[in-house]
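Accompanying notes for the structure given below.
Bear in mind these aren't lab numbers, they're just calculated from the coordinates by the rules spelled out. Source: prediction; values computed, not measured. Backbone-built Cβ (ideal geometry, glycine too); neighbour counts: all protein chains shown.
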């Protein structure tokens, strides 16, 4: 019987592991991927984490994991396929075994949203990517497009412009949602073309991406842009499959939980990008993890 099982080992899960272990909880971290860190592993540079300006995202993820291991947190690489609420205890099922625990923390994060246009799925991994820092090196001196208008899209365009011949940034709106500092940096780059108020109709190509078909959303005019890579950065969606029917969510699928990260089901907590909140950043995920671990510890003590 564990005091706490943490599902997921991104910044939220690892922060929770550190705080829970320091509080003396018997815990287990379940992670389906070979490495901990979550989305931060695919971030080329993190410039807004307090005290660590310019840190490489992969290095940050490894440092978080090392800290959790140093305080004695136990990890198991396993995919969770179900969680059952048994009142004062919970059952966490993986493909190979079932664990019992007093509390469960879901720190499963979120995943990249798709455009859902023809050619996207067919050309996935053949020019269509959702991670500029992962795949940008394959498009050195080539022409690429970035789809989106938030922080990630702007960061991707800036990153790709360093090595790509040309970057076309396509955004459905007539202004960006991303940080003003990123917009200023982007607008200085000579090899970036911005297409405001344009939508993607389809991604073109047979075995590899050859271009994109766009529509000017103001005039209705359709045109084709020839290029070799498409980087999709249109947001994220919560990884909430395990929680459907178990806890309350909002209309977008984010789990409703307060600052203590407690859901409407006693003993079940949620932290990080999966939780409904105004800002989803590494620093808020780390904060969630700490709050969730403290709350879980208090719950265990009260039983």
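Computed over the Cα atoms of region 167-218, what is the ratio Rg over Rh, Rh following Kirkwood? Could the numbers behind the result be given before it?
Numbers: Rg = 12.9 Å, Rh = 12.4 Å.
A ratio of 1.04.
Starting from the Cα gyration tensor of region 1-139, take the square roots of the eigenvalues, sort them a ≥ b ≥ c, and report rounded, prolate or oblate (rounded when a/c is under 1.5, otherwise prolate if a/b is larger than b/c, else oblate).
Working: a/c = 2.79, a/b = 1.44, b/c = 1.94.
Cα axes put region 1-139 in the oblate bin.
Ordered by packing density, taken as the mean number of other Cβ atoms within 10 Å over each peptide's residues, highest first, how do 20-33, 2-15, 286-299 rank?
On the way: 20-33: 19.4, 2-15: 28.3, 286-299: 23.1.
Highest-to-lowest ranking by the protection proxy: 2-15, 286-299, 20-33.
Arrange 210, 155 by Cβ neighbour counts within 10 Å, fewest through most, would you? List each step's numbers first, then the result.
Values: 210 16, 155 23.
The fewest-first ordering by Cβ neighbours comes to 210, 155.
By count of other Cβ within 10 Å, fewest leading, how are 1, 249 ordered? Display every interim value, and only then the final one.
Working: 1 8, 249 20.
The most exposed by this proxy come first: 1, 249.
For region 114-232, go through all pairs of different Cα atoms, get the mean of 1/r, take its inverse, and jot down that Kirkwood value in Å.
Hydrodynamic radius (Kirkwood, Cα pairs) of region 114-232 is 14.0 Å.
When the gyration tensor of the chain is built from Cα positions, what are the square roots of 5 times its three eigenvalues, in whole Å, from largest to smallest?
After scaling each eigenvalue by five and taking roots: 39, 20, 17 Å.
Taking a virtual spin label 7 Å from the Cα of residue 95 along the C-beta vector, which residues in region 1-22 bring their backbone nitrogen under 19 Å of it?
Zone members listed by number: 7-9.
Take the Cβ-Cβ distance between residue 175 and residue 86 as r, set R0 to 35 Å, and report the resulting FRET efficiency rounded to the nearest 0.05.
Given R0 = 35 Å and the Cβ-Cβ separation, E is 0.10.
Compare the peptides 52-61, 178-187 by average per-residue count of other Cβ atoms within 10 angstrom and give them in order, highest first.
For the peptides 52-61, 178-187, the packing ranking is 52-61, 178-187.
To the nearest 500 deg cm²/dmol, what mean residue ellipticity at 222 nm is calculated for the chain from DSSP H runs of n ≥ 4 alone, each contributing -39,500 (n - 2.57), summed and divided by the residues? Don't skip to the answer; put the middle values down first.
Values: 6 runs with 70 residues, N = 303.
For the chain, the value works out to -7000 deg cm²/dmol.
How long are the semi-axes of the ellipsoid equivalent to region 115-161, from square roots of 5 times the Cα gyration tensor eigenvalues, in whole Å, largest first?
Numbers: eigenvalues 60, 40, 14 Å².
Taking √(5λ) for each Cα gyration eigenvalue gives 17, 14, 8 Å.
Counting alpha carbon pairs within less than 8 Å and at least 6 residues apart, what relative contact order, in whole percent, applies to region 114-232?
Numbers: 256 pairs, mean separation 38.6, N = 119.
32 percent.
Let me check against my output: what whole-number percent is the relative contact order of the chain, with C-alpha pairs under 8 Å and at least 6 apart?
21
Region 261-303: percent of C-alpha pairs farther apart than 13 Å?
When all Cα pairs of region 261-303 are counted, 50 percent exceed 13 Å.
Going by average Cβ neighbours within 10 Å, how do the peptides 37-47, 121-131, 74-84 rank, with the highest at the top?
37-47, 121-131, 74-84
Taking a ≥ b ≥ c as the square roots of the Cα gyration tensor eigenvalues, with a/c under 1.5 meaning rounded and otherwise prolate when a/b beats b/c, else oblate, which class fits region 221-296?
Prolate, because a/c is 1.5 or more and a/b exceeds b/c.
For region 173-255, just the Cα set please: Rg and Dmax, both in angstrom.
17.6, 51
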